[in-house]
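Notes for the one structure printed next.
The values are calculated or read from the model by the stated rules, or taken from the named source; none is laboratory data. Since we're looking at a predicted model, the values are computed, not measured. A quick note on method: Cβ atoms are made from the backbone with ideal geometry, for glycine too, and the neighbour counts reach across all protein chains shown. Side chains included, ligands, DNA and RNA excluded: accessible areas come from the protein's heavy atoms. Shrake-Rupley method; radii C 1.70, N 1.55, O 1.52, S 1.80 Å.
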Amino acid sequence: MFIQTEETPNPSTLKFIPGRVLLESGTQEFKSRQAAKSNSLASTLFEDENVDGVFIGKDFITITKSNEVNWESLKPSILSKIHDFLSSGKKVESENKNNKKTKENYNKKDLEIVNQIKDLLEERIKPAVAQDGGDISFVKFDNGVVYLELRGACAGCPSSTITLKSGIENMLKYYIPEIVSVEAVNQS
């Protein structure tokens, strides 16, 4: 098995592409060893004390490292752990934790806008963000402001503010004139 790696715009995060589907749907993010206990792949990766975050997408894994180590020394260990896990035939456990459904109470006009936002996110924005090893999720729409959660390589990326304001905000405003701004939120 050959596992490709790609740099992401976030210098602390590297994208690992094993060439197979890991999750049938959704994404999973683990920001601590404790949070990763429910997932055998993430738990295995967190065995290395220099791993600060694990994000699992459909066909990729992004690892965020601590500042105390460089990628040249950490990458071989991560590659080995991923290879051993996948070669053993183990599957990545699916979990519904990150697919939270919140009850949305929008009036008819706002609900139409929210549906347009979600469609644009799914069709145009998420695929581009996934290329960089991350994900973006709709949180809420309130008085013309769209609140989004950045995950994986996008969380903590030095260029995420530029991407959010210059890219995502401009695109959403172009297609949906009712949008005033786009803001990032941090959720745990």
Rounded to the nearest 10 degrees, the helix 108-120 long axis (Cα) sits at an angle to the longest Cα principal axis of the chain of 40
Accessible surface ranking that places the most exposed of 106, 175 first, with a 1.4 angstrom probe: 175, 106
Relative contact order for region 6-121: what is it in percent, counting Cα pairs under 8 Å that are at least 6 residues apart? 26
Checking the cross-link filter: which aspartates and glutamates have an alpha carbon closer than 18 Å to that of residue 118, excluding same-chain neighbours under 8 positions apart? 104, 110, 135, 142, 149, 169, 178, 183
Hey, which of these cross-link pairs are over 32 Å Cα-Cα: 81/140; 65/165; 90/165; 75/140; 75/173? 81/140; 90/165; 75/140; 75/173
Rounded to a whole number, what is D in µm²/s for region 108-158 from Stokes-Einstein with the Kirkwood radius over alpha-carbon pairs (25 °C, 0.890 mPa s)? 212
Amide H within-cut-off set for residue 133, under 5 Å, with H built and near neighbours excluded: none
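Given R₀ = 30 Å, FRET efficiency for residue 75-residue 37 by Cβ-Cβ distance, to 0.05?
Numbers: r = 24 Å, r/R0 = 0.81.
Computed FRET efficiency for residue 75 and residue 37 comes out at 0.80.
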Per principal axis, descending, Cα span of the chain in whole Å: 51, 29, 28
Taking the chain as the reference, fit the longest principal axis to its C-alpha atoms, fit the long axis of helix 71-87 to the helix C-alpha atoms, and give the angle between the two in degrees, 0 to 90, nearest 10. 90
Projected onto the charge dipole of region 30-127 (+1 at Lys/Arg Cβ, -1 at Asp/Glu Cβ, origin at the Cα centre), which of 45, 73, 125 gives the Cα projection farthest towards the positive end? 125
Students sometimes get this wrong: rank 132, 84, 110 by accessible area, probe 1.4 Å, all chains present, largest first. 84, 132, 110
